[in-house]
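The values are calculated or read from the model by the stated rules, or taken from the named source; none is laboratory data. Quantities reported herein were computed from a predicted structural model and do not represent experimental measurements. Because the Cβ atoms are built from the backbone with ideal geometry, glycine has one as well, and the counts that use them run over all protein chains shown. With ligands, DNA and RNA removed, areas are computed over all heavy atoms of the protein, side chains included. Shrake-Rupley method; radii C 1.70, N 1.55, O 1.52, S 1.80 Å.
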Amino acid sequence: MAQQYRITLLPGDGIGPEIMAVAVDVLKVVGKKFDIQFEFQEALVGGAAIDATGEPLPAATLDICRNSDAVLLAAIGGYKWDSLPSHLRPEAGLLRLRAGLELFANLRPAKILPQLIDASTLKREVVEGVDIMVVRELTGGIYFGKPKGIFETETGEKRGVNTMAYTESEIERIGRVAFETARKRQGKLCSIDKANVLEVSQLWRDRMTKLATEYPDVELTHMYVDNAAMQLLRTPKQFDTIVTGNLFGDILSDAAAMLTGSIGMLPSASLGASGPGVFEPVHGSAPDIAGLDKANPLAQVLSAAMMLRYGLNQGAAADFLEKGVLQVLQSGARTGDIMSPGMQLLGCRAMGETLIKILEE
């Protein structure tokens, strides 16, 4: 009997609807192969939601997401909404979605695909074989700490304040996700902090060290964030799984992403303790190419593979889909962002059709 899943689709803005259409077609093919039935329901988020309802995350969208098995998100934002106050901008919808679904762990892989190795700005010998998973804490730290704001001092001067704060339970929660993730990979976890300067990092390091006693099969190391940034560029192959707080994770996951040469190829997952996770490409909405059939849909497709693996526990289906993406690249098919001499330039739809052909063979 087919396994059934309810999937909420959030196409969002810019190239979002184009790449989402490809991912849905691909998932239908994968579903047939593995006897999985998907019930897709679409909802508004970001700029599209602002235009339709006046807010970036309507209550109806959050309700639909909560009542699904997983959420597949494409892209949000664009120049059109840049002048709105921060609480009404498309990005605020994403933050509220994460908070509303209690998604505290962000998984960002940075894996070198052999077919795209020359797209990296680093030397082949530095990046060949790189396969890193960054586990970033998503709902604490300096982005959410209180007090925050711009205040006037006694002298009338303005002073901006943000507070970096973590509780023991928040650190332990993200730590467990990281140790479990490392256990599924190479059994190596590097915790990144600034414990030589920040008290919040001292607590972070203490809790991670204590937690390591429960995972004797995982090798835990620690590194200061400034050194980690340097080591990512110098010898990235030393890393397997990385765990870090919200701010450091935001920066380091983008740095790790660029090792691969194209941010247009990278997926991500945001997970909670229970309930649906959100799976999305790390690239933006690319409003300059929206509607021109130029977008690369492969990060969205790989996000769907992460959804199968981490959201629905369908590892074999995820493997099948990821292998299909490698075969597409092996065939020489390329979108503009990953184009190189001698390859075949395809649009968004054609790239999807090529992948589907390979999956159906």
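Things to note:
- Evaluation of M164 against (1) in contact (Cβ under 8 Å) with a residue 40 or more places away in the chain; (2) out of contact with any strand residue (DSSP E or B) (no Cβ under 6 Å at 6 or more places or on another chain); (3) more than 22 Å from K111 (Cβ to Cβ) (one fails), failing number: (2)
- Within the stretch 277-325, tally of residues that are part of a helix (DSSP H, G or I), in contact with a Gly (Cβ under 6 Å, 6 or more places away or on another chain) and among the basic types (K, R): 1
- Of the set (1) under 20 Å from V135 (Cβ atoms); (2) outside any loop (DSSP other than H, G, I, E, B), all apply to S274 but (2).
- Test: residue in the stretch 144-159 that is open to solvent by 60 Å² or more (accessible area, probe 1.4 Å) and part of a helix (DSSP H, G or I): no
- Checking each residue in the stretch 329-361 for being in a loop (DSSP other than H, G, I, E, B), within 18 Å of V26 (Cα to Cα) and open to solvent by less than 80 Å² (accessible area, probe 1.4 Å) picks out S331, T335, L346, G347.
- Leading residue by the ranking (nearest to L312 (Cα to Cα)) among those in the stretch 49-61 that are of a type in the set (A, V, I, L, M, F, W, C) and open to solvent by less than 30 Å² (accessible area, probe 1.4 Å): L57
- Residues of the stretch 125-136 that are touching a helix residue (DSSP H, G or I) at 6+ places or on another chain (Cβ under 6 Å), outside any loop (DSSP other than H, G, I, E, B) and farther than 16 Å from V282 by Cα: V127 alone.
- In the stretch 265-319, residue nearest to R96 (Cα to Cα) [restricted to those that are without any contact (Cβ under 8 Å) to a residue 40 or more places away in the chain and polar (S, T, N, Q)]: S274
- Some residue of the stretch 72-82 being free of Cβ contacts under 8 Å to residues at least 40 places away in the same chain and exposed (fewer than 15 other Cβ atoms within 10 Å of the Cβ): yes
- For R6, the conditions (1) over 23 Å from T354 (Cβ atoms); (2) without any contact (Cβ under 8 Å) to a residue 40 or more places away in the chain; (3) in contact with a strand residue (DSSP E or B) (Cβ under 7 Å, 6 or more places away or on another chain); (4) surrounded by fewer than 19 Cβ atoms within 10 Å (Cβ to Cβ) all hold with the exception of (2).
- Every residue from the stretch 117-126 that is within 16 Å of D254 (Cβ to Cβ) and either β-branched (V, I, T) or in contact with a strand residue (DSSP E or B) (Cβ under 8 Å, 6 or more places away or on another chain) (or both): T121
Yes/no matrix, rows are residues, columns are (1) among the hydrophobic types (A, V, I, L, M, F, W, C); (2) closer than 30 Å to R176 by Cβ:
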{"site": "Q37", "(1), (2)": "no, no"}
{"site": "N67", "(1), (2)": "no, yes"}
{"site": "V71", "(1), (2)": "yes, yes"}
{"site": "L97", "(1), (2)": "yes, yes"}
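- Residue match in the stretch 194-208 (condition: touching a residue at least 24 places away in the same chain (Cβ under 8 Å), open to solvent by 30 Å² or more (accessible area, probe 1.4 Å) and within 14 Å of V134 (Cα to Cα)): no
- A single member of A228, A182 is under 21 Å from M306 (Cβ atoms), open to solvent by less than 10 Å² (accessible area, probe 1.4 Å), assigned to a helix (DSSP H, G or I) and touching a residue at least 12 places away in the same chain (Cβ under 8 Å), and it is A182.
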